[in-house]
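Student: I have a structure here, written as structure tokens, and I will follow up with some questions on it.
The values are calculated or read from the model by the stated rules, or taken from the named source; none is laboratory data. Here the structure is a predicted model, which is why all the values come from computation and not from measurement. All Cβ positions, glycine included, derive from the backbone under ideal geometry; neighbour counts span all protein chains shown.
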Amino acid sequence: MKKIVSAALAAWAAALLGAAGLEVRVQDRELELPLEGVILQISLSGPTLPGGMTIKGETGADGSAVLEIPDEFARGVLGAQFPGYETARLPVRPGASEILVEMNISGVIEGKELVVERKAPGVADEESGVSVAMDKKDMETTANIGLVEDVMNSIKTLPGVTYAGGWNAQPSIRGGYPSQMGTVLDGVYIIAPFHWGGAFSIFNPNMVESAKMSHGIFSARYGRAMSGLLEVTTINPKSEAFRFDVINSTTSLEAFAQIPLGKKAGLFTGGKITYMETLAFLNDEILKSEPKLGETIPTMPFIRDMYAKLWFTPEPELSFSFNAFFGSDGIGTFFDGTTDGIRTVSSFDWLNLMGFAAAHARWMPGDRTAIKALAAYNNNTMNFSFDNAISGTRAYSGSFLDAFDTTYDADDDGLIRGSSEYAMDGIDLKVDSVQTIQQLQGKLETDILISGSHIVSFGADEVFQFFTSDQDVNGMTVIGEAPGQTYYPVNSSLNLEGNRVLNTSAFALWSFGNENSTLRGEAGIRGDHFYLWNKNFAINTWPVANPRASAEWTPIRDEGMLEALTFSAGTGFFSMVPLDSLAADEQFEIESFKIGPDRSWFQIIGAQADLADDWTFRIEGYYKQYFNRLYFTNRYIYNESGEPETLTYDIHSDGKGFSAGFDLMLQKKNGRHFDGYLSWSYVVTKYYNPASPQEEGDTSAYGEPLEEWFYPSFHRFHSLNLIANWKPVSGLTLTAKASLATGAPRSKPGDITATGIEYNEAIIERYTRSETYDEGLRNGISCPVDFRISYASYKPGSKIRTEIYFALEDVFVNLYKAKGNTSFDPYTGKEIENSDSADYNIGIPTPSIGYKLSY
């Protein structure tokens with residue numbers, strides 16, 4: 001009777017004040033199943049409601065309820081309660097017409113809950129001027145698409161991330177080299193989290209709970225990154241019920257399960273395998289097509305990944321977790337063809353093995369102190385082999401005879417050294433390489449709550465890397481200047497046994513304020529030291545200190561449509577040692593304290609407006625200065641005749657550079673019928689390598705100019721992304737993903753010219769083309785557009801959810817392709833047809849399908 005009277009009074013009061021319907025939808029956060037019977041309660045306050053008002057309701061079979069609330073109120077809080085789930089609380093803003101409530105399964109730990117007044121920032125927490133975070137739901141449409149589903153498909157659409165093109169999971173973050181982005185998975189530094197040499201990442205969206213891209217002044221807790229830190233957190237099993245997901249997509253089969261192990265422990269485990277071998281069977285055995293894929297691609301591209309995460313909480317104050325990952329990828333190709341009398345037989349094999357295992361512990365000895373510890377082992381082994389053999393004879397072309405008939409002999413007889421053709425037997429190349437990086441990581445840190453909104457933190461971590469490399473190159477290379485070039489045999493080996501690297505770090509920081517504070521932020525300092533040695537030599541460096549500070553100021557809250565206006569600013573130093581330095585050898589003649597880690601100084605300022613109905617607008621501007629940047633240059637060793645005989649490298653750490661730009665993001669979240677975002681990044685980045693070239697036309701080891709300011713190869717002025725999700729009816733989602741990016745730098749090609757190269761007392765006809773850096777040249781604009789349609793359904797009362805999707809990537813590729821320089825055949829001089837595509841594509845829109853069953 002009391003509930004009926006309360007509801008009647010609330011309805012009567014709402015009618016007097018003028019009421020509007022607020023639709024509340026409630027669903028399970030992980031399974032996205034609507035929850036029936038959820039108890040809802042809205043508490044309202046305001047000048048016209050001096051005594052406050054409480055409105056109650058309950059969700060129906062579709063997980064929704066419509067509550068009548070008055071038009072005139074200042075503040076409101078919605079509470080949702082359901083047995084077995086954590087109580088959810090969300091703000092209710094004036095003018096809101098709908099609210100989505102996602103509820104989590106309640107924790108299984110029993111006993112007194114420890115509460116602190118200010119929590120340390122979590123992995124999924126988004127901070128203005130520091131990071132942009134995406135949870136599983138945010139990545140649902142953009143990550144689950146393509147031949148290989150990948151969290152990086154979502155990360156690449158965020159502000160501050162430069163467009164990287166297809167089949168490339170290594171973008172530039174605010175002007176930095178892609179390798180300057182640090183990566184952390186569940187707190188573990190990952191060496192190279194990529195499959196197929198960087199085409200895709202190991203971050204499977206079906207095992208990831210959240211991903212945070214810190215492209216601003218991120219915390220001094222982390223190092224080993226200069227231009228962005230990607231923190232990926234996997235699903236943490238916390239349900240008392242067994243759960244599983246089975247996913248079948250275009251190229252792979254996946255399965256993941258959450259398994260409760262009593263009330264204080266749980267296991268999340270699963271894996272992924274690709275099955276492209278079926279394409280070979282379909283082509284070779286069913287369609288009988290030629291050439292046979294089983295012969296040209298004897299090892300079809302594959303990925304094999306496994307992951308496990310175990311947690312155990314014996315006491316509320318103490319918890320442990322263990323996680324492990326093993327991944328592999330590979331491909332093998334074979335070619336045997338004859339063109340104009342020249343037979344080429346080549347083979348390529350790639351095998352990449354990676355994995356890590358880690359143990360985590362968290363202890364709260366008091367309600368104001370938390371201590372965390374981490375120990376991890378990481379391994380990455382890359383096997384690569386290439387074999388190319390050329391044989392046969394080819395006739396000289398008429399243009400070559402006209403140009404060189406009298407160059408190599410005095411007779412103008414239409415022959416060169418008495419012959420109208422030349423043999424190419426023995427111009428072979430064979431490369432074998434095995435590289436292994438092993439890494440041990442240890443970290444200890446503590447957070448101490450010193451008052452209601454102030455936390456001080458201290459910590460230290462040690463990263464030890466052990467590097468081995470066995471590379472052998474045997475074949476022929478061209479030396480000298482035309483005319484008079486000659487083939488020269490190359491038989492080189494680089495066998496590095498036991499390069500060891502020790503990276504020691506420590507940090508201290510102070511965090512102040514909380515989510516409701518007008519002013520909040522963090523100030524800290526991190527110290528890093530780098531030391532490399534093996535049995536023959538050692539390289540020591542000076543320690544570096546990296547102070548950092550960032551702050552957010554929210555002077556306005558709850559003013560009409562404006563829920564909050566936040567200004568942010570920050571500055572900080574960052575450093576890291578490039579992974580390439582692991583290959584240092586005594587032949588490079590490096591002296592201690594002559595080189596050091598790459599460093600940058602980063603400043604940022606921004607503003608964010610949180611608007612009604614879950615709209616957010618953010619804009620940030622930044623400037624980054626690079627100094628002590630490492631780069632390699634060629635160093636030739638000449639013989640007594642003055643000809644280059646040996647090639648080695650010099651290492652320099654005096655590189656410079658700068659990056660400046662701004663980003664903006666307009667986002668709509670949790671919409672009943674529409675959500676998505678628009679991101680735009682503008683960046684100007686230039687670098688400078690002061691070293692002088694030894695020979696005319698010399699560049700750095702990566703083809704960058706010397707003694708000249710230049711745009712790096714990955715630079716694009718503009719990167720624009722639009723993600724739009726339209727939900728016309730329950731369960732159906734139509735997604736459009738569109739990108740627009742200005743072109744990357746394009747070198748200026750010279751003319752294709754013929755040259756004769758001496759080999760076995762004969763002259764081989766060969767063509768070359770010089771390319772020089774040109775600041776004004778760019779590839780064509782990139783503008784891929786992807787479409788995705790998905791439908792999710794559930795069977796009431798069964799806890800079973802199914803989803804199916806179909807997608808097309810690069811829908812308009814047949815109408816427009818970004819253009820770059822063309823390639824050419826070095827033995828004929830003819831340009832290769834359709835070789836001017838600036839972005840990787842297969843020439844047609846790429847379809848993908850997927851089916852997911854969840855329980």
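Student: Given the conditions (1) assigned to a loop (DSSP other than H, G, I, E, B); (2) farther than 28 Å from S252 by Cα; (3) out of contact with any Pro (no Cβ under 7 Å at 6 or more places or on another chain); (4) not acidic (D, E), report the number of the one that I763 does not fulfil.
Tutor: (1)
Student: Now, a different point. Checking S679 against (1) touching a Leu at 6+ places or on another chain (Cβ under 8 Å); (2) closer than 25 Å to R801 by Cα; (3) assigned to a strand (DSSP E or B), which test does it fail?
Tutor: For S679, the failing item is (2).
Student: Can you find, within the range 388-425, the residue that is surrounded by the fewest Cβ atoms within 10 Å (Cβ to Cβ) among those that are within 15 Å of D340 (Cα to Cα) and of a type in the set (V, I, T)? Spell out how you get there, then give the answer.
Tutor: Taking the range 388-425 and keeping what is within 15 Å of D340 (Cα to Cα), we get 390-398, 420-425.
Those left that are additionally of a type in the set (V, I, T): 390, 393.
Numbers: I390: 18, T393: 15.
Filtering first and then ranking leaves T393.
Student: Only one of these conditions is not met by H360: (1) under 27 Å from the mean Cα position of the chain (by Cα); (2) at pLDDT below 90. Which number is it?
Tutor: Just one mismatch for H360, condition (2).
Student: Name, by its number, the condition in (1) buried (at least 20 other Cβ atoms within 10 Å of the Cβ); (2) touching an Asp or Glu at 6+ places or on another chain (Cβ under 7 Å); (3) not charged (D, E, K, R) that does not hold for N236.
Tutor: N236 satisfies all of (1) buried (at least 20 other Cβ atoms within 10 Å of the Cβ); (2) touching an Asp or Glu at 6+ places or on another chain (Cβ under 7 Å); (3) not charged (D, E, K, R) except (1).
Student: Additional query: Can you give me the number of residues within the range 783-793 that are more than 15 Å from P845 (Cα to Cα) and either within 22 Å of the chain's Cα centre (by Cα) or of a type in the set (F, W, Y) (or both)?
Tutor: Residues that pass the stated criteria total 1.
Student: Can you name the residue in the range 169-194 that is part of a strand (DSSP E or B) and touching a Pro at 6+ places or on another chain (Cβ under 9 Å) and is also nearest to Y307 (Cα to Cα) among such residues? Give the derivation first.
Tutor: Of the range 169-194, the ones part of a strand (DSSP E or B) are 173, 182-185, 188-189, 194.
If we keep only those that are touching a Pro at 6+ places or on another chain (Cβ under 9 Å) too, we end up with 183, 185.
Working: T183: 17, L185: 12 Å.
The qualifying residue nearest to Y307 (Cα to Cα) is L185.
Student: When you look at P578, is it modelled with pLDDT of 95 or more and in the same structural domain as D654 (by TED's automatic domain parsing), yes or no?
Tutor: Judged against the criteria, P578 is not a match.
Student: Of the residues that sit in the range 581-606 and are outside any loop (DSSP other than H, G, I, E, B) and touching a Leu at 6+ places or on another chain (Cβ under 7 Å), which one is modelled with the lowest pLDDT?
Tutor: A583
Student: Looking at L267, is it closer than 30 Å to G442 by Cβ and either crowded, with 19+ Cβ neighbours inside 10 Å or basic (K, R) (or both)?
Tutor: No.
Student: Then there is this: Looking at K136, is it among the basic types (K, R) and either within 36 Å of the chain's Cα centre (by Cα) or at pLDDT below 80 (or both)?
Tutor: When the stated conditions are applied, K136 passes them.
Student: Still on this structure, I have one more. Kindly provide the set of residues from the range 158-170 that are within 12 Å of the chain's Cα centre (by Cα) and surrounded by 22 or more Cβ atoms within 10 Å (Cβ to Cβ), ordered by number.
Tutor: L158, V161, T162, Y163, A164, A169
Student: Does T369 satisfy the criteria of being among the polar types (S, T, N, Q) and over 30 Å from E315 (Cβ atoms)? Talk me through it step by step, then tell me what you get.
Tutor: Working: among the polar types (S, T, N, Q): yes; over 30 Å from E315 (Cβ atoms): no.
So T369 fails the test.
Student: Any residue at all in the range 425-441 that's in the same structural domain as I371 (by TED's automatic domain parsing), in a strand (DSSP E or B), acidic (D, E) and under 28 Å from V188 (Cα atoms)?
Tutor: Among the residues of the range 425-441, not one is in the same structural domain as I371 (by TED's automatic domain parsing), in a strand (DSSP E or B), acidic (D, E) and under 28 Å from V188 (Cα atoms), which makes the answer no.
Student: Return yes when K656 is surrounded by fewer than 17 Cβ atoms within 10 Å (Cβ to Cβ) and within 30 Å of S730 (Cβ to Cβ) and no when it is not.
Tutor: Numbers: surrounded by fewer than 17 Cβ atoms within 10 Å (Cβ to Cβ): yes; within 30 Å of S730 (Cβ to Cβ): no.
Here the answer is no, as K656 does not meet what is asked.
Student: Please work out if V729 is surrounded by fewer than 15 Cβ atoms within 10 Å (Cβ to Cβ), assigned by TED's automatic domain parsing to the domain that holds D786 and modelled with pLDDT of 95 or more.
Tutor: No, not satisfied.
Student: For residues in the range 182-239 being under 30 Å from K799 (Cα atoms) and of a type in the set (V, I, T), which is modelled with the lowest pLDDT?
Tutor: Step by step, filter the range 182-239, then rank; the result is I235.
Student: Next up: Filter the range 363-387 for residues that are more than 33 Å from the chain's Cα centre (by Cα), surrounded by fewer than 17 Cβ atoms within 10 Å (Cβ to Cβ) and not basic (K, R); which is modelled with the lowest pLDDT?
Tutor: D367
Student: Out of all the residues in the range 793-815, is one or more farther than 30 Å from L33 by Cα, out of contact with any strand residue (DSSP E or B) (no Cβ under 7 Å at 6 or more places or on another chain) and touching a residue at least 12 places away in the same chain (Cβ under 8 Å)?
Tutor: Checked against the condition, which is being farther than 30 Å from L33 by Cα, out of contact with any strand residue (DSSP E or B) (no Cβ under 7 Å at 6 or more places or on another chain) and touching a residue at least 12 places away in the same chain (Cβ under 8 Å), the range 793-815 yields at least one hit.
Student: Test G52 against the criterion of being at pLDDT 75 or above and loosely packed, with under 15 Cβ neighbours inside 10 Å, and give yes or no.
Tutor: For G52, the condition - at pLDDT 75 or above and loosely packed, with under 15 Cβ neighbours inside 10 Å - is not met.
Student: Considering only residues of the range 828-848 that are part of a strand (DSSP E or B) and out of contact with any Ser or Thr (no Cβ under 6 Å at 6 or more places or on another chain), which is farthest from G146 (Cα to Cα)?
Tutor: Looking at residues that are part of a strand (DSSP E or B) and out of contact with any Ser or Thr (no Cβ under 6 Å at 6 or more places or on another chain), I get S837.
Student: Determine if the range 729-741 includes at least one residue that is aliphatic (A, V, I, L, M) and without any contact (Cβ under 8 Å) to a residue 24 or more places away in the chain.
Tutor: Yes - at least one qualifying residue is present in the range 729-741.
Student: Does P826 satisfy being surrounded by fewer than 16 Cβ atoms within 10 Å (Cβ to Cβ) and touching a strand residue (DSSP E or B) at 6+ places or on another chain (Cβ under 6 Å)?
Tutor: yes
Student: Taking the criterion of being at pLDDT 80 or above and in a helix (DSSP H, G or I), would at least one residue in the range 88-108 satisfy it?
Tutor: No, that holds for no residue.
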